[in-house]
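Pasting a structure here, questions to come.
Computed from the coordinates by the stated procedures, all read-outs in this text should not be read as laboratory data. The structure presented is a predicted model; accordingly, all values stated were derived computationally and were not measured. Reconstructed Cβ throughout: ideal geometry from the backbone, glycine too, with neighbour counts over all protein chains shown.
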C-alpha cells in the first residue's frame, strides 16, 4: 500500500480482556517497529522486527505484551489481560532496511487508540 | 541511556513569526536525528532527517540543524502559518539499538 496502515483505529475494551492490534507496513519494508504513546509518558519504543524475527523486545512493558510478524509483512501486537494503564495510542512504523543506515527513515501509521475501562 | 529533551513544551506565536524549537540529547553516538510533526488524532509525519555527518537540512520554510558534539538540534520555522500548528517531536536513532528515542514534544499554536 501507499503507507503504513493500522487497525482498528479505535478500540475500547474492558479490563482483563485480550486485544489484538494489527499493522500493515509499507510493501517491501523489512523493518517494523511498535511504539506506545501515553499521556505523561511520551512516545516509547516497544519492539523491533527485522523480517519475521524480533532482535529487540526490550520495550515490552510486561509479559502480557507480545508481538509477531508473519511473511515479513503484517504484524500483530497482542495485549493479554488488559489493564487500565495499557490505555494509550499504539503506533506502528516501518523502514526499508532497519539497522545501521544513517539515512534510514521510519514511516508511521495513524495509530490505534486503545481505551481500557 | 539516551535521553531526549525538548523545550519549550508549548509555544504560542502570532502568524508570520519566525520560531525555533529546541532538542537536546545526552548520548552523541547517534546515526541520525529526525524531526516529526504530529497532528491531533494522527500519526507522525517525518519533516527532516539529519544524518550524523551533516550539520543541517532544509525543506521549504523548515531548517533543522545538528550539533552532535553538544547534543543539540534546532528546528527553525520561518514565517509561521496557522497550518503549522501541531506537536513537533524530535527523535534520535542510534544504530546499535535500532529504535528511535523520542523527545517529549513541543506543542505549537500559531494564531491567525
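Kindly put B:69, A:95 in sequence by how many other C-beta atoms sit within 10 Å of each C-beta, fewest to most.
B:69, A:95
Could you tell me whether the stretch A:28-117 comes out rounded, prolate or oblate from its Cα gyration tensor? Rule is a ≥ b ≥ c as square roots of the eigenvalues, rounded for a/c under 1.5, then prolate if a/b exceeds b/c, otherwise oblate.
Because a/c hits 1.5 or more and a/b exceeds b/c, the stretch A:28-117 counts as prolate.
Which FRET efficiency value, to the nearest 0.05, do you get for residue A:113 and residue A:53 by plugging their Cβ-Cβ distance into 1/(1 + (r/R0)^6) with R0 = 45 Å?
Working from the Cβ atoms, E equals 0.95.
If I build a Gaussian network model for chain A, linking alpha-carbon pairs within less than 10 angstrom, which residue out of A:83, A:50, A:41 has the largest mean-square fluctuation?
Between A:83, A:50, A:41, it is A:41 that shows the largest mean-square fluctuation.
Averaged across B:98-106, how many Cβ atoms of other chains sit within 10 Å of each residue's Cβ atom?
6
List A:22, A:81 from most exposed to least, where exposure is judged by having the fewest other Cβ atoms within 10 Å.
Fewest-to-most ranking of A:22, A:81: A:81, A:22.
Once a ≥ b ≥ c are taken as the square roots of the eigenvalues of the Cα gyration tensor of the stretch A:46-85, is the result rounded (a/c under 1.5), prolate (a/b larger than b/c) or oblate (a/b not larger than b/c)?
Verdict is oblate for the stretch A:46-85.
May I ask you to sort B:92, B:110, B:13 by Cβ crowding, counting other Cβ atoms within 10 Å and putting the fewest first?
B:13, B:110, B:92
Note down the nm distance, to one decimal, between modelled labels 7 Å out along Cα→Cβ at residue B:67 and at residue A:70.
5.2
Rounded to the nearest 0.05, what FRET efficiency do residue A:27 and residue A:63 give with R0 = 30 Å and r taken as the Cβ-Cβ distance? Could you check?
Efficiency computed from Cβ-Cβ geometry: 0.40.
Between B:22, B:32, B:98, which gets the highest mean-square fluctuation from a Gaussian network model of chain B, Cα cutoff 10 Å?
The residue that fluctuates most here is B:98.
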